Amino acid sequence: MMKLILATTLFVSFLGVGNQAIKQSNNSSDKLSIRDLNHEKLNRTVFRLINEKRNKKGLDTLSYNEALNKVATKYQDEFEFRRFKNTPSIERKINKDLFKRTKKAGFDGGLVLPVVGEFEALDYDEKQEFFLNKEDKDSEFKLYYGKRPRKSEKNPMRNPIEPMSYEGFAKLVLKNLESDNKKALYSKAYKWGGVHLQWYYKSLNKRKIPQIKMVFLLGGYATVGMRID
C-alpha cells in the first residue's frame, strides 16, 4: 500500500538474467532516483564491484544465483519498514530460517550467509546543516544546504544536496561493508551471490538524508571442518 502512495513500486527481478548481464557496464553518471530507481542496475553494480575486488585478491568471482536473489528480495519485502542500522540483529533474524528458504527456492549449496546494510543515497557533506523544502518543485529530494530562507531574504537560493550516481553509491556500499564483512565477502568458501537494494521508505518521509537498504546473500558448499578465510 505504501509503495502505491509513494508511487515508487520498487520491484526487481533478476529471473532469467545470467552472469553476462551481471558484468555489463552502464552509464556511471546516472543518478539514483525515487521515481525510477533501476533496481536491476543498482544490484548489478554492487555485485560487479564486489567481484572486481575478489578478482584483485585472486579469488573466483561470485556467480549470480536466481534462488539467492529471490530470497533476498523477499526479505526486503518483509523488513520494508525496519531500519538496518543494527545489522547484527537483522542478520540474526534472517538467519533463523535462511537455509530452509534458500533450499525451498532451489539453492542446494548448503552454506548461506546474509550481509545487510543501510547507506545514505545522497552526496551529503555531513559538516553542513540542511533543511527540507516540501514545496520545492525543482529538486526531487527537496533537501538543501544551509538554513531555510526567510521571506524577507533578498537572495533565498540554496544549493541542493545532490543524489549519488549508481557507481558512486556502489563504491560507498563496498567501502562500508568491508569494515565489518571483509572475511565473508572475500572468502573462498562462497561461490554464489544474490542481492537486492531498495529505498528505506520511512527515510523518504522525514527530514533526513534518504537511505537505501541492502540484503546480500552469499552461498557456497558446506564441508566438514570448513573455515572462512
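No value in this document is a laboratory result; all are computed from the given coordinates. Predicted model, so just to flag it, every value in this text is computed and none were measured. We place every Cβ from the backbone using ideal geometry, glycine too, and count neighbours over all the protein chains shown.
Taking 0.890 mPa s as the viscosity and 25 °C as the temperature, the Stokes-Einstein diffusion coefficient of segment 150-222 based on its alpha-carbon Kirkwood radius rounds to 157 µm²/s.
Around Gly168, under 11 Å between beta carbons, what's the net of Lys plus Arg minus Asp minus Glu among the other residues?
Numbers: positive: Lys31, Lys171, Lys175; negative: Asp30, Asp123, Glu162, Glu167.
Spelling it out: positives minus negatives among the neighbours equals -1.
Sorting the segments 54-64, 198-208, 71-81 by their residues' average number of neighbouring beta-carbon atoms within 10 angstrom, most packed first, yields 71-81, 198-208, 54-64.
In terms of the mean number of neighbouring beta-carbon atoms within 10 Å, the peptides 148-161, 179-192 order highest first as 179-192, 148-161. Using just the C-alpha positions of segment 123-163 as equal point scatterers, what log10 of I(q)/I(0) does the Debye formula give at each q in 0.18, 0.19 1/Å? Results for segment 123-163 at q = 0.18, 0.19 Å⁻¹ read -0.48, -0.54. Cα centroid separation, segment 132-169 to segment 44-72: 36 Å.
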